[in-house]
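Each reported figure results from applying straightforward, stated rules to the coordinates on display, with no laboratory input. Please read all numbers here as calculations on a predicted model, not as lab measurements. Using ideal geometry, Cβ is built from the backbone for each residue, glycine included, and neighbour counts are taken over all protein chains shown.
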Amino acid sequence: MYRKELETAMELGKKASSIILSHYANGVVAEEKIGIDNFSEPVSIADRDANRVLVDGLKDAFPEDAILSEEEPDDTQRRLNSQRVWIIDPIDGTSGFLDHNGDFAIHIGLADRGLPVVGVVVLPAFGITYYASLGEGAFLKRDGEAPVRMSVSDNTDLSEMSLAVSRTHKNPKILNISSEMGFGGNIERGSVGLKVGLIDERICDAYIHLSPRTKLWDICAPQIILTEAGGKLTDLWGAEYRYDVEDLQNWGGIVATNGSVHEMILKRLDPLLIKYGRLKLKAPVK
């Protein structure tokens, strides 16, 4: 149903990956920008160059669709009045890119009537692409190899499960929560798309992100890939995210799992959120 969209996103992801790897090899200087949440965050010329390829390519291929990119102002009116919106992050995990640890990703997602239907997540430094479209399954493609269909684990014993946690934005609270919930271990990696991909690959079984600072472009592409692999992504209290909303910020954090254990994790997590002071937040009144 979304074959052209998926093929276009994958081709553009490949082009953007080549540009990013060129900058990665030659070195870049970080700048600081003020994000939509008024926090300072790093950005580089690689973000901007990759963004140009993605945005221009999507505009050419699908001129009727709206586009939301981390690196461009949000045309809120057009976006909310469009049935389909491409939601992209040219480099998710810019810190990993600048630190040269490989943990960064390109996110290209398509939302149709507010729900994710196409997702491509490229890990340039590792030669890996995760991709999916609605109803067609989720796949992993390594450079030079045939695609392999992905399916999440069916683990429900937390003591045998690994939790993906951020290594760039370390939070002692999530380590305490992981221990108190009884996870068997933690795997620290960067980029939301990469960490959710660990669940798709059965390397991890869950990912919990306490912070309210992620945005729609962090989760759109990873969510449809995880869903097609059999997993689930919600906020910390089990609410589903939609992509036809004015506010771009994920105030409810992230819980991504293999699906089988999702409700159990939410139930065990709830009292710990209270214990560690993570309250439900709403967007500030403008």
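Only lysines eight or more places from Lys280 in sequence, or on another chain, were considered; those with a Cα closer than 29 Å are Lys33, Lys170, Lys173, Lys195, Lys215, Lys232, Lys267.
On alpha-carbon atoms, Rg over Rh for the chain using Kirkwood Rh? Can you show the working numbers first?
Numbers: Rg = 17.7 Å, Rh = 18.8 Å.
In the chain, Rg relative to Rh is 0.94.
Ordering Ala138, Tyr243, Pro212 by Cα displacement along the dipole of region 99-255 toward the positive end leaves Pro212 in first place; charges were set at the Cβ atoms of Lys, Arg (+1) and Asp, Glu (-1). Placing unit charges on the Cβ atoms of the charged side chains and taking the dipole of the chain about its Cα centre, the candidate lying farthest along the positive direction among Pro116, Ser166, Gly252 is Gly252. Here region 158-275 is treated with +1 on each Lys and Arg Cβ and -1 on each Asp and Glu Cβ, and its dipole about the Cα centre works out to around 440 debye.
With neighbours defined as other Cβ atoms within 10 Å of a residue's Cβ, the residues Val120, Val53, Val152 order from fewest to most as Val53, Val152, Val120. Among His262, His209, His107, His100, the ranking by other beta carbons within 10 Å of each residue's beta carbon, starting with the fewest, stands as His100, His262, His209, His107. Kindly identify region 3-150 as rounded, prolate or oblate by the Cα gyration tensor criterion: order the square roots of the eigenvalues as a ≥ b ≥ c, call it rounded if a/c is under 1.5, otherwise compare a/b with b/c, prolate if a/b is larger, else oblate. Here region 3-150 falls in the oblate category. Across region 158-275, the volume of the C-alpha convex hull divided among the residues equals 91 Å³ per residue. Computed from Cα atoms, the angle from the helix 262-275 axis to the main principal axis of the chain rounds to 70 degrees.
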